[in-house]
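First the structure, in the form of structure tokens, and then the observations on it.
Bear in mind these aren't lab numbers, they're just calculated from the coordinates by the rules spelled out. All values derive from a computational prediction rather than experimental measurement. Because the Cβ atoms are built from the backbone with ideal geometry, glycine has one as well, and the counts that use them run over all protein chains shown.
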């Protein structure tokens, strides 16, 4: 659902062809393959709470705000992930 939303937002909100997201998807898949459970990136990996809050604000009334908040909450309460080497 998250990838479908990304493709939809690329086209309908940003006016960018959905295929432009494919290199990002490929990079994410490679990172997951290399680092398995430690393949966390972005504001969660950095502990960047200001960006996480800004992301939630930007999502506004979007139903995916609840999904993002759930991911943040899970990360905050989950056992620490192993370091990526």
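The Cα-based radius of gyration of the chain, divided by its Kirkwood radius, gives an Rg/Rh of 0.98. Estimate the FRET efficiency between residue 49 and residue 19 by the formula 1/(1 + (r/R0)^6), using the beta-carbon distance for r and 30 Å for R0, to the nearest 0.05. Taking R0 as 30 Å, the efficiency between residue 49 and residue 19 is 0.35.
Each Cα pair under 8 Å and six or more residues apart adds its sequence gap; the mean of these over the residue count of the chain is a relative contact order of 23 percent. Taking 0.36 nm per residue of sequence separation and removing the Cα-Cα distance, the residue 34/residue 76 pair yields an extension gain of 12.8 nm.
So what's the back-of-envelope 222 nm ellipticity for the chain, counting only DSSP H runs of four-plus at -39500 (n - 2.57) apiece and dividing by all residues, rounded to 500? That calculation yields -19500 deg cm²/dmol at 222 nm.
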